[in-house]
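Peer 1: Below is the structure I would like to discuss, written out as structure tokens.
Coordinate-derived values only; no laboratory data. Computed from a prediction, not measured in an experiment: that's the story for all the values here. Cβ atoms come from the backbone with ideal geometry, glycine included; neighbour counts cover every protein chain shown.
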Amino acid sequence: MAEGSKITNDIKSMIGLWSEPVVLEVERGAIARYADAIDDDNPLYRNEEYAKSSKYGGIIAPPGFFGWPVGGGNIEAGMARVVGAVASAGMLRILDGGIELTFYVPVRAGDILVTYGKLADAREKATKSQGAMVFLIIEQKYLNQNGDLVALARQTLICS
């Protein structure tokens with residue numbers, strides 16, 4: 001990273017460091033409420049008899065629903081550290097550049113998930129209209145109670 005880079009030593013020092021784990025509980029009622037909120041009436045998310053007769057053998061969660069933190073766990077704590085370092089570097093505009101989710105095994109009613117994240121990469125790019133911009137890649141892993149990787153999320157933040 002070149003001299004005068006917006007990627008400060010503080011930001012560099014966070015690359016690759018995993019956050020503290022957060023425990024998430026996937027409760028059947030929460031799955032149904034989430035499905036209602038996204039207006040998805042798939043019976044796999046609420047009808048036990050239907051779900052039992054499916055290839056899943058029971059209620060599953062819609063893609064992207066990972067339950068709720070147990071005991072007040074804070075998924076955003078690691079992100080707050082990164083955003084604080086970006087703000088300290090003088091980059092006060094942060095744009096969500098999107099998220100890519102890769103799913104490995106279904107999330108099931110009754111699962112207990114553990115999630116943790118890291119700043120996976122930081123890249124700087126010069127632009128004509130905005131000057132230097134920094135692209136941060138945040139990686140979040142979700143594992144179930146069996147240690148199986150359930151999903152991997154890779155989010156891009158665009159900072160200037």
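Peer 1: So how many Å³ per residue does the convex hull of the Cα atoms of the stretch 79-160 work out to?
Peer 2: For the stretch 79-160, the hull spanned by Cα atoms encloses 98 Å³ per residue.
Peer 1: Further question on the same structure: Taking a point 7 angstrom from the Cα of residue 13 along the C-beta vector, which residues in the stretch 96-123 have backbone N less than 20 Å away?
Peer 2: 117-123
Peer 1: Further question on the same structure: Which ³J(HN,Hα) values in Hz, rounded to whole numbers, follow from the phi angles of the stretch 127-138 under the Karplus curve 6.51 cos²θ - 1.76 cosθ + 1.60, where θ = phi - 60° and Gly and Pro get x?
Peer 2: These are the phi-based 3J(HN,Hα) values: 10, 6, 8, 10, x, 6, 10, 10, 10, 9, 10, 9 Hz.
Peer 1: Order by neighbour count: 19, 54, fewest other Cβ atoms within 10 Å first, most last. Walk me through the intermediate numbers first.
Peer 2: On the way: 19 21, 54 13.
Listed from fewest to most nearby Cβ atoms, that is 54, 19.
Peer 1: Quick one: Cα centre-to-centre distance for the stretch 93-133 and the stretch 1-57, in angstrom?
Peer 2: Centre-to-centre (Cα) distance: 12 Å.
Peer 1: Along the principal axes of its C-alpha atoms, what lengths does the chain span, in descending order and rounded to whole Å?
Peer 2: Principal-axis extents of the chain (Cα, largest first): 62, 31, 24 Å.
Peer 1: Excluding same-chain residues fewer than 8 positions from residue 6, which lysines have a Cα within less than 22 Å of its Cα?
Peer 2: Cross-link targets: 118, 125, 128.
Peer 1: What is the order of 59, 38, fewest Cβ neighbours within 10 Å to most? Show your work: numbers first, answer last.
Peer 2: Details: 59 24, 38 11.
Least crowded to most crowded, the residues run 38, 59.
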